Each structure stands twice: as C-alpha cells, then as structure tokens.
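> Mind looking over this structure? Questions follow.
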Amino acid sequence: MSFLRVSPWSALKIAVGAVYAFMLTPILITAVVSLNATNRSLFPPQGLSLRWWGEAFSPEWVDPLIFSLKLSAVSAVLSPLMALPLTFALVRYTFPGRQALMALTLGPLLLPALVTGVALLQFFDFMGWRAWIGFPALVAGHVAICLPFAVRTIAISLTTLPPNLELAAASLGASKLRTLMEITLPYIKNGIVAGGVFAFIHSFTDINLSLFLVRPGEQPITVKIMGFLEYGFAPTLAAVSVITLVLPLILVLIVERLTGLGNFIYGGRGNG
Amino acid sequence: MSKAVSLQDRRPWLIAFLPAVFLFVFFGLPNAMLLSISFLKTEAQQLTGELTLDNYVFLFTEQTYLEALLRTFFVGVSVGILDVVLAFPLAYFLVRTNSRWRGLLIALALAPLLASVVVRTYGWYVILNRFGVANDVMLWLGVIEQRLTLMPSTGAIIIGLAHSLLPYAVLTLMGALGGINPSLEKAAMSLGASRFRCFVEVVLPLALPGLIGGFILSFSVAISAYATPAILGGPATQVMATAIYGFMTQLLDWSIGAAMAVVLIVSSLLLFYLAARAGARTASL
C-alpha cells in the first residue's frame, strides 16, 4: 500500500466521497432538471426557465400537496396521542396479554405497508364502508403504520425518566394526575414531539399504503406523482419533487428549533 | 390481595383500551381477513365462499408470477448486499471521524429519508432513460457508440432501491460500529496485527450483527417496495408489489392479490425471525 502513498484513512475518505456522490447526485439532478426550458426531463437542461415551477403551483399539483399535508398533520397528532397510553401500558406494567398487545403495536412495523394497504382496502369493502375510502381510510391506515414510531420514541423517553422524580412528587403530596401532568408528561414531551415528527414524515412520504386507499380528488401527492409517471415524465414533476422534498426538511428544522426552545423554557421554570 | 392483583392486571388494558381497539380494527382484523381471503376463490371478479388452495398453486406455477416472485427475492438480496457494502465505509467513517463537519455529514447521509421514494426514484429515471445522463456520459467518453436501453430493467430497479434504502443500512451500521471500542483496534495493531488483519479479525466480527441487521432491513423493505419497480421497471420486470397492485386494481382478482400479500408477510416475518436469531440489531428510522 505504501508505494501508493495513500493512507487507509484517505482511502476511506475517497470511498465515503463516492458513496455521498451516489446518494446525492440523483437528488441534485432532479433539482436541476426542473429548470428545463423544453418539455423533456433533460440533463443538463436545455435552456433555463421557471415555467415548470409555475405549473407546479397550479391546482393540479397544489391540491394533492395540501391533501398530503392535511393527512400527515392528522397522523402526526393522532399517532403520538394513541401511542401515549399504549406505551404507558407496555412499559409500566406486566400483565396477561402484554405480548399480544406488543405484537399488535409493533405489527405495522413488521408487516409491509403495502400489505396493510391491501388488507384495509378489502376490509373497508367487505364491511360496506366503501364510502370511507379516501381521507378517512387513509387516516386510519396512516395512523396504524405511524403508531410504532411514536411508541418507540415515547418508550425511549419514558424509560429514561428517573423513577425517583415521580416518587418525590407523590411523597410531597401530589395526586397521581398532578404527577402525570407536571412531572411525567413534561419529561417525556420530547419523545412525544419526536414521535409526531416521525409520524408526519412517514405519512408524508408513504406510497405503499396510500396506493390502495385513494379516490379521485382524495389522493396524496406521492400517489398523484406515481399516476402522472405512467403517462410520461415532465420537468413539472422535478419541480414538484423538489417541493415535496423541501417541505419535510423545513418542518424538521422548525421543530428542532421549537423543542430546543421549549426545553429551555421548561428548564428555566424548573429552576425557579 | 388477589382482588388487588386482578385490578392490577386490568388497569393496563383500561389505559390502552382505545388504541388497542383501534389497532385491532384497522390492523389486526384486516390482516386476518386478508389471510382468509387468500384461501377463497374469486370468480368473474367476485369473491365466492369456496375454500381453495388454487390461489397459491397459481402463484407458484404460473410462469409470470413465479418469475416475479424469484425476481423480487433476487432484487431483495442484491439490494441488501449492495447497501451493506456501500453503508459500511460511510458508517465507519461517521463513527470514527473527528471532523467538525461530522454532524452535518450525518444529517446529509440521513436526509434522503425525508423525501418520498417516488421523488428519489425520479432522479434515477432522469439518469437512466435512453436519452438520460448515463447514456450521454458514456457516449461522450466513447465507451458506447449507440444509446443503450438501461431501463426498464431489473438492474435499474436494484440501483434505485439500493439508493432509496441506503440510509437505513447506514443508520443500522452506525449503531453497531459505534459500540466497538476504538482501543480494541489499537491494541490489535500494537500487538503486531496488520491493518487488514485487524479489520478482518477485530472489526468485522464485532460489526457482524449490524451487517446482518442492515442486510435484512434493506432486503425486507426492498421486497415490498412498489414505486421504484413501477418507475424503473416495466411489464417484463414485474415484482410482487407491482403484481399485487395489478391484481387489486386492474385484474380485480382479490384472492390472488391476497395470496401474494400473504407470501410477502411470511417472507418479511421469516426475515425478521432469522435476523433475531442471528442476534442482528436493526434500526428502523
């Protein structure tokens, strides 16, 4: 090796650079393609134009985008809300049927979302709930597949909570409810928020489950893009892709900021 | 005392009642239904009450679907191997580097997870289609004289999926490699082991659970992926996910669709079981 004058660490760095290039090139190319002046997805773009970006903001694309945002927002709220009692039961108690409840909770993580989508389509059909296909069915499915993520993050914060904190509150005369509201919940708040963020992202990027539960006018942006791809590729898609890529990124950055801030405020009050 | 115990037993169920019912109704029950439908006959696009094993027999004997099944697993194995090989140097670097850009580099490696697979696969279309970047570059370099058809193909599906699932493998391997004490490597080398020997005899065995975990995770997600095979593949390169979609929405034979879905379920559970037996640790998001 020494005759090459390349240390193993430098060789590693070169390999790492190559892997990053593999990871990021398609995404960068997508962004550049959206600036094409022609109606084909060419790289490098032939002429620069923002016309496809203008088209990306037409109702044809904005409507499914808003639908996706609504769906993900509802999943992001409902998943941690449902995960909270579930996690308490699973982490704090040993009881008959705990294994079954655990399997039911983690099931959506082990079974492919595609299968759950198929199962839900058949289920809604056989129950005579066909009218629910669309937003309601999508919410049910998305919450089911996002729940395990929220359970995981909440379980992590709950198991790091020192038991003495709750005991101290109780010995100082706080009721169970007050201990829960003023000690436990604030302590695991970050786990709840993280669960919500994961749920949002998982829901916003899902295609495998959503595919089966859409109806005209009620489809998330990923399904809309998929459907459009069958008829051909256009630079509009690249523009829409960039938008759907940037939105969750902004959300993560904002929440990062906010929860950091929230911690700070809570810490200050705790000291006082 | 026994009364207190039974109350203790019931309390967690009371606490978790609503979410448990929700999961039972919208996850447990539909999947149980799916399993039963896979044993029922569909005639003229209508489900009948007749019990049968024909759906499974059809899947495993009809050449198109047998091929789809085999292709799915070939894609899964290839993606698993490719991702572990690509993720290993990256994860090792991210765990060991002292660079002040470390945080940014980790974020960059995981950021693709924020984008939908549909979006990430679109970039590969732009690269791999007949008039795409890959053909342009190879023509320019003189490697080829005529444009090649790089997609639709199984290879394109493998590349697209390996790209989509790489962050999962990186995450899993970072967990495994982060647990290896760097002084072990130093000790091995100070005792005279070459860097290569140290890597093979110290790092690799300790990283094995992570390697298996990363492989299984990529494998299991790859075999149920729909978008990438649908975009980068075609009618001649069907996989199970695209075939299931066809049965559910176009051919309207829900029995065979359900049977295929059951095959996917069994494969996934088997993979996770094997992973657990191998002591693998997987990080899923």
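> Per residue of A:91-99, how many C-beta atoms from partner chains lie within 10 Å of its own C-beta, taken as a mean?
Averaged over the peptide's residues, the number is 4.
> Longest exposed-loop-site-free stretch of chain B, with trypsin sites (Lys or Arg not before Pro), DSSP loop and at most 11 other Cβ within 10 Å? Don't skip to the answer; put the middle values down first.
Values: sites that count: B:100, B:130.
After excluding every exposed loop site, the longest remaining stretch is B:131-285.
> Continuing with the same structure: Only Lys, Arg, Asp and Glu count, each charged at its Cβ (+1, +1, -1, -1), so figure out the dipole size of the protein assembly as shown about its Cα centre, rounded to 20 debye. Before the final figure, lay out the partial values.
Working: 32 positive and 22 negative charges, 374 e Å.
Dipole magnitude for the protein assembly as shown comes out near 1800 debye.
> Another question, if that's okay. Suppose R0 equals 22 Å. What FRET efficiency, 1/(1 + (r/R0)^6) with r the Cβ-Cβ distance, do residue B:107 and residue B:85 give to the nearest 0.05? List each step's numbers first, then the result.
Working: r = 23 Å, r/R0 = 1.03.
For R0 = 22 Å, the calculated efficiency reads 0.45.
> Does region A:78-201 come out rounded, prolate or oblate, given a ≥ b ≥ c as the square roots of the eigenvalues of its C-alpha gyration tensor, rounded meaning a/c under 1.5 and, failing that, prolate meaning a/b above b/c? Intermediate results must be reported in sequence, preceding the final value.
Numbers: a/c = 2.57, a/b = 2.27, b/c = 1.13.
Since a/c reaches 1.5 and a/b is larger than b/c, the shape of region A:78-201 is classed as prolate.
> Further question: I need A:61, B:101, B:254 ordered by Cβ neighbour count within 10 Å, fewest first.
Values: A:61 21, B:101 10, B:254 25.
Ranking A:61, B:101, B:254 by Cβ neighbours within 10 Å, fewest first, gives B:101, A:61, B:254.
> How crowded by other chains is B:220-233, given as the mean number of beta carbons from other chains within 10 Å of each beta carbon? Please report the intermediate quantities before stating the final value.
Numbers: counts 2, 3, 0, 2, 6, 5, 10, 8, 1, 0, 5, 5, 0, 0.
So the per-residue partner count for this stretch is 3.
> Still on this structure: So if we plug the beta-carbon distance of residue A:246 and residue B:131 into 1/(1 + (r/R0)^6) with R0 = 30 Å, what FRET efficiency do we get, rounded to 0.05?
After rounding, the FRET efficiency stands at 0.65.
> Now for a different question. Checking understanding here: applying a Kyte-Doolittle mean of at least 1.0 and a length along the axis of at least 15 Å (C-alpha), which whole DSSP H helices in chain A pass? Don't jump to the answer; show the numbers that get you there.
Values: long enough: A:8-33 (37 Å, 1.67); A:59-92 (48 Å, 1.17); A:98-110 (17 Å, 1.06); A:113-126 (20 Å, 1.69); A:135-160 (37 Å, 1.55); A:185-205 (29 Å, 1.02); A:235-271 (55 Å, 1.27).
Both cut-offs are met by A:8-33, A:59-92, A:98-110, A:113-126, A:135-160, A:185-205, A:235-271.
> Considering only A:17, A:47, A:128, give the residue with the highest GNM mean-square fluctuation for chain A, with springs between Cα atoms whenever their separation is below 10 Å.
The residue that fluctuates most here is A:17.
> Please compute, for peptide A:11-23, the average count of beta-carbon atoms on other protein chains lying within 10 Å of each residue's beta-carbon.
Working: counts 1, 6, 4, 1, 6, 9, 3, 3, 11, 4, 0, 6, 11.
Per-residue shielding by partner chains comes out at 5.
> Among the lysines, which fall within straight-line cross-link reach of residue A:176, defined as a Cα-Cα distance under 30 Å, with same-chain neighbours fewer than 8 residues apart omitted?
Result set, ordered by chain and number: A:189, B:3.
> If r is the Cβ-Cβ distance from residue B:251 to residue A:60 and R0 is 45 Å, what FRET efficiency results, to the nearest 0.05? Before the final figure, lay out each step's value.
Numbers: r = 29 Å, r/R0 = 0.64.
The calculated FRET efficiency here is 0.95.
> How would you rank B:204, A:138, B:141, going from fewest to most other Cβ atoms within 10 Å of each one's own Cβ? Numbers along the way, then the final one.
Details: B:204 12, A:138 31, B:141 8.
Fewest to most other Cβ atoms nearby, the residues stand as B:141, B:204, A:138.
> From the phi angles alone, apply the Karplus equation (6.51, -1.76, 1.60; θ = phi - 60°) to region B:232-239 and give each ³J(HN,Hα) in whole Hz, x where the residue is Gly or Pro.
9, x, x, x, 7, 10, 5, 10
> Can you pull the one-decimal nm distance between simple spin-label points at residue B:46 and residue B:97, each 7 Å off the Cα toward Cβ?
Once both label points are built, they end up 6.4 nm from each other.
> Select from chain B the helices, each a whole stretch of DSSP H, whose alpha-carbon atoms run 24 Å or more along the helix axis and whose Kyte-Doolittle mean is at least 0.0; answer none if there are none. Each step should come with its number before you reach the end.
Working: long enough: B:63-96 (49 Å, 1.36); B:154-178 (34 Å, 1.59); B:204-223 (27 Å, 1.99); B:254-277 (34 Å, 1.87).
Those that pass (Cα extent of 24 Å or more, hydropathy at least 0.0) are B:63-96, B:154-178, B:204-223, B:254-277.
> Highest GNM mean-square fluctuation, chain A, Cα pairs closer than 10 Å: which of A:199, A:144, A:18?
A:18
> Take the Cα atoms of the protein assembly as shown, find their three principal axes, and give me the spread along each one in whole Å, biggest first.
Computed over the Cα atoms, the extents are 85, 73, 48 Å.
> Here's a follow-up. Return the single residue from A:157, A:72, A:171 with maximal mean-square fluctuation; model: Gaussian network over chain A, springs between Cα atoms under 10 Å.
A:171
> Among the lysines, select those whose C-alpha is under 16 Å from the C-alpha of residue A:224, and discard any that sit fewer than 8 residues away in the same chain.
By straight Cα distance, residue A:224 reaches A:70.
> Take A:181, B:240 and order them by how many other Cβ atoms sit within 10 Å, fewest up front.
Working: A:181 12, B:240 28.
Fewest-to-most Cβ neighbours within 10 Å comes out as A:181, B:240.
> What shape does region B:54-277 take by its C-alpha gyration tensor, where a ≥ b ≥ c are the square roots of the eigenvalues and a/c under 1.5 counts as rounded, a/b above b/c as prolate, and the rest as oblate? Numbers along the way, then the final one.
Working: a/c = 2.36, a/b = 1.48, b/c = 1.59.
Judged from the Cα gyration tensor, region B:54-277 comes out oblate (a/c at least 1.5, b/c at or above a/b).
> Under a no-solvent Debye model with one identical scatterer per Cα of region A:58-271, what's log10 I(q)/I(0) at q = 0.14, 0.19 Å⁻¹?
With one equal scatterer per Cα and no solvent, log10 I(q)/I(0) is -0.92, -1.34.
FYI, it's all coordinate maths here, none of it is from the lab. Because the structure is a prediction, the values reported are computed rather than measured. Using ideal geometry, Cβ is built from the backbone for each residue, glycine included, and neighbour counts are taken over all protein chains shown.
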